[in-house]
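Asks: Would you mind keeping the following structure in view while I ask a few things?
Computed from the coordinates by the stated procedures, all read-outs in this text should not be read as laboratory data. All of these numbers come straight from a predicted model, not from anything done at the bench. Here Cβ is always computed from backbone atoms with ideal geometry, including for glycine, and neighbour counts include all displayed protein chains.
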Amino acid sequence: MADIVTVEGLVKRFGDLTAVDHVEFSIAEGEIFGLLGPNGAGKTTAISIMSGLLDATEGDVVVDGNSVSKKPGAVKRVLGVVPQEIALYETLSARENLTFWGKMYGLGGKDLSEAVDRALELAGLADRAKERIEKYSGGMKRRINIAAGILHTPRVLLMDEPTVGIDPQSRNHILEQVKKLNAEGMTVLYTSHYMEEVEFLCDRVAIIDHGKVIATGTIDELRAMIGDADVVAVELDEPPAPETVELVAAIPGVSQADAVESTLQVLSADGGAVLAPVVAALGRAGAHVRGVEVTEPNLESVFLHLTGKSLRD
Ligand SMILES: Nc1ncnc2c1ncn2[C@@H]1O[C@H](COP(=O)(O)OP(=O)(O)OP(=O)(O)O)[C@@H](O)[C@H]1O
Ligand SMILES: [Mg+2]
């Protein structure tokens, strides 16, 4: 499929800080594209530029052939946005909130009421539509926040960390919502710092850190950046000293060792073979091993491999 979104050399500076640093990626029509990065990576800033809320310092975003800097109106008609901060009126009901947002998108009359019904249905909250938002749980608010972004059935939906701080049930509901919208033809940009969500949802991913895209590809392509390595996760009872990490990194067969809080992640072409020497070395260094797990690389290990730090806060 052709690209529906192209981000070209995007830069955003706030004074001395470069929040978005020459970011480039493109999204094919029909894809769920993930933008994965830790707190402060520049995800919200990039989305704000894509949706015309912020001006870029350099570069541009082209959506369905229109530049967001030159034709913001045309871009806005194609885009739906689910902001990171919930944008709902607490004292209005869910239906009233959605009606308000529908009018903002230029809907009226029967189109508007049908769009609101559809969105409430998708959120799984049709039966509670008359209740004030202030009575909703955090997860329910998030679901209505998403409903507000899709009233005008946008071709491209930009979602900024839509599952932060909610219960597992609402989270699963949202992930299914995203899959369903995509199956109906909506292209989705899904921003998150949860690698499990991105692995579950996304066809392709850009990993972003300190404003820069450090890797782009399918999940398998990104995993392949670590090569055939196994990931040995050694859980310790406290964060290991830097000397201990170095000691493990020097063991023959170990290609990389990084500490993430009290877990030591060891990369090796043969996880089984390095297990015993790693545990022995840790014992000699006085570290207490609580558990060991050998797994395939995931996006978390890719991020650690590329940056030496964890995606988690
Ligand atoms: N209006 C602003 N003025 C100054 N600095 C800003 C502004 N908006 C964002 N920043 C800075 O730009 C950087 C990127 O912020 P941004 O909100 O885009 O990150 P993020 O990836 O969305 O993070 P999070 O996962 O915490 O939402 C941060 O260092 C932030 O402090
Ligand atoms: Mg953000």
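Asks: Among the DSSP beta bridges whose two residues both lie in the chain, what percent are antiparallel, rounded to the nearest 5?
Replies: So the antiparallel bridges amount to about 70 percent of the total.
Asks: With each label point set 7 Å from Cα along the Cα-Cβ vector, what nm distance links A28 and D60?
Replies: If labels sit at A28 and D60, their model points lie 2.5 nm apart.
Asks: Rg/Rh for the chain: what does it come to with C-alpha atoms and Rh from Kirkwood?
Replies: The Rg/Rh ratio comes out at 1.05.
Asks: Pull out a ≥ b ≥ c, the square roots of the eigenvalues of the alpha-carbon gyration tensor of region 152-218, then state rounded if a/c is under 1.5, prolate if not and a/b is larger than b/c, and oblate in the remaining case.
Replies: Oblate, because a/c is 1.5 or more while a/b does not exceed b/c.
Asks: Between T91 and E246, what is the label-point separation in nm under the 7 Å Cα-to-beta-carbon projection?
Replies: Those two pseudo-labels are separated by 6.2 nm.
Asks: Counting other beta carbons within 10 Å of each Cβ, put R95, R132 in order, fewest first.
Replies: So the residues, fewest neighbours to most, are R132, R95.
Asks: Let me ask something else. Placing +1 at every Lys and Arg Cβ and -1 at every Asp and Glu Cβ, with all other atoms neutral, what dipole size does region 228-296 have around its Cα centre, in debye to the nearest 20?
Replies: 260
Asks: Still on this model: Listing F303, F14 from the residue with the fewest other Cβ atoms within 10 Å to the one with the most, what is the order?
Replies: Ascending number of Cβ neighbours within 10 Å: F14, F303.
Asks: In whole angstrom, note down how far apart the Cα centers of region 79-127 and region 250-284 are.
Replies: Each part reduced to its Cα centre gives a spacing of 51 Å.
Asks: Under the classification rounded if a/c is under 1.5, otherwise prolate if a/b is larger than b/c and oblate if not, where does region 6-142 fall, given a ≥ b ≥ c as square roots of the Cα gyration tensor eigenvalues?
Replies: prolate
Asks: How about K71: which lysines have a C-alpha closer than 27 Å to its C-alpha, ignoring those fewer than 8 places off in the same chain?
Replies: By straight Cα distance, K71 reaches K12, K43, K103, K212.
Asks: Among L88, L54, L151, what is the fewest-to-most ranking by other Cβ atoms within 10 Å?
Replies: L54, L88, L151
Asks: Same structure, new question: Determine, for each peptide in 263-276, 99-112, the mean count of other beta carbons within 10 angstrom over its residues, then list the peptides with the highest first.
Replies: 263-276, 99-112
Asks: Here's another thing I want to ask about it. Where does the chain land at 222 nm, in deg cm²/dmol rounded to the nearest 500, when only DSSP H runs of n ≥ 4 count, each adding -39500 (n - 2.57), divided by all residues?
Replies: Estimated from H runs of four or more residues: -10500 deg cm²/dmol.
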